[in-house]
Amino acid sequence: MRFWKMNGAGNDFLIVDDRQNAVPDERWPDIVRTLCQRHLSIGADGFMVVKKPTDGGDYKMLFFNSDGSMGEMCGNGARCICRYGLENGLAGRVQRVETTAGLVTGWQVDRQRYRVRLNDPCNIRLHDRMEAEGTIYDCAYLELGDPGIPHAVVPIRGLQDYDTQTLRRLGRRLRYDPAFPKGANVNFYELIGPNHVYERTYERGVEDFTYACGTGTGSVVTVLTLLGKVSGKNVQVDMTGGRLVIDVERDGAGRITDLYLTGPTNVVCKGEITDETLVL
């Protein structure tokens, strides 16, 4: 089985083409768990399988977290798979990708940068007061798409210098909070300048911090735009793996109509999967 390994701002993925349905669906979780293990196999935050389209797209993307669970969509993954789709002749410079959360449109900006329209925000709660380890946090919650990708948005003062172990415990605690029936990706943020945000995301399915989270970045900027703390235009979001840019478009009533994510992609390697612990 051929694969590509890519990353988008440090959020890394494995991509395989299964448009011929060579692998039974029930095999994928085990394959994903094995290949996404760092040190023991190739290693990645997530795994994407290219399938034939069924709903008007150029192709379908199945997204798996590194623990083998299926995710609804992934913003950085979508940008990476758009480059994969273009360079493998599956689509043109503008493409429509079918995902579990709905149709995603992507554009090539230049050789490495890609832009995607994220799934629509819904089920937005701007003020969820939550207690963790004796502290009350003014969280927000929203989902992107249908079925929605769940995100908690949590302000943390001094985030850039915050102790990682303490933050990890807090992320794990909030990720499983009963207020989030589906669990949640927990996005910690701090405003560090006009239209400039620093963010760290504790991702469900990875169960740790990743270098970047595209849908998390879109969720943070959505909340900050609705709260009037950023303009929603060309908002720069810095994470461990680099910088992403979010643009929010609103109608005359202030409702969000479009949410765009722009950032880099990197093709790390291409090759043949030979992991001897798998029977492919």
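Would you say residue 211 is over 19 Å from residue 74 (Cα atoms) and either aromatic (Phe, Trp, Tyr) or surrounded by fewer than 17 Cβ atoms within 10 Å (Cβ to Cβ) (or both)?
Details: over 19 Å from residue 74 (Cα atoms): no; either aromatic (Phe, Trp, Tyr) or surrounded by fewer than 17 Cβ atoms within 10 Å (Cβ to Cβ) (or both): yes.
The answer is no for residue 211.
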Original post:
So which pairs qualify, if the first residue must be in region 120-149 and on the phi > 0 side of the Ramachandran plot, the second must be modelled with pLDDT of 90 or more and of a type in the set (Ser, Thr, Tyr), the Cβ gap must be under 9 Å, and the two must be at least 6 apart or on different chains?
Top reply: 123/141; 133/166; 145/99; 145/100; 145/215
**OP:** Might you check whether a residue that is assigned by TED's automatic domain parsing to the domain that holds residue 54, within 20 Å of residue 49 (Cβ to Cβ) and of a type in the set (A, V, I, L, M, F, W, C) occurs anywhere in region 105-115?
**Re:** no
Subject >> Cross-chain or 6+ apart pairs with Cβ under 8 Å, region 170-193 first and assigned by TED's automatic domain parsing to the domain that holds residue 218, then loosely packed, with under 14 Cβ neighbours inside 10 Å and part of a helix (DSSP H, G or I) >> reply: 190/160; 192/160
Subject >> Count - residues of region 205-216 that are over 11 Å from the mean Cα position of the chain (by Cα) and either charged (D, E, K, R) or part of a strand (DSSP E or B) (or both) >> reply: 3
**OP:** Could you grab me the full set of residues in region 161-194 that are acidic (Asp, Glu), under 20 Å from residue 126 (Cα atoms) and modelled with pLDDT of 95 or more?
**Re:** 190
Subject >> Options 38, 79, 96; residue that is of a type in the set (Lys, Arg) and farther than 19 Å from residue 119 by Cβ >> reply: 38
**OP:** Considering only region 80-123, give the strands (runs of 3 or more DSSP E) lying wholly within it that have at least 1 residues that are among the hydrophobic types (A, V, I, L, M, F, W, C) and surrounded by fewer than 23 Cβ atoms within 10 Å (Cβ to Cβ).
**Re:** 94-99, 102-108
**OP:** Please work out if residue 75 is at pLDDT below 95 and not assigned by TED's automatic domain parsing to the domain that holds residue 189.
**Re:** no
Subject >> Candidate set from region 239-275 (those that are free of Cβ contacts under 8 Å to residues at least 60 places away in the same chain and crowded, with 18+ Cβ neighbours inside 10 Å); member that is nearest to residue 124 (Cα to Cα) >> reply: 248
**OP:** Tell me the strands (runs of 3 or more DSSP E) entirely within region 133-204 that contain at least 2 residues that are of a type in the set (Phe, Trp, Tyr).
**Re:** 135-144, 185-193, 196-203
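The values are calculated or read from the model by the stated rules, or taken from the named source; none is laboratory data. Model, not experiment: these values are computed from the prediction. For neighbour counting, all protein chains shown are included, and Cβ atoms are generated from backbone atoms with ideal geometry for every residue, glycine included.
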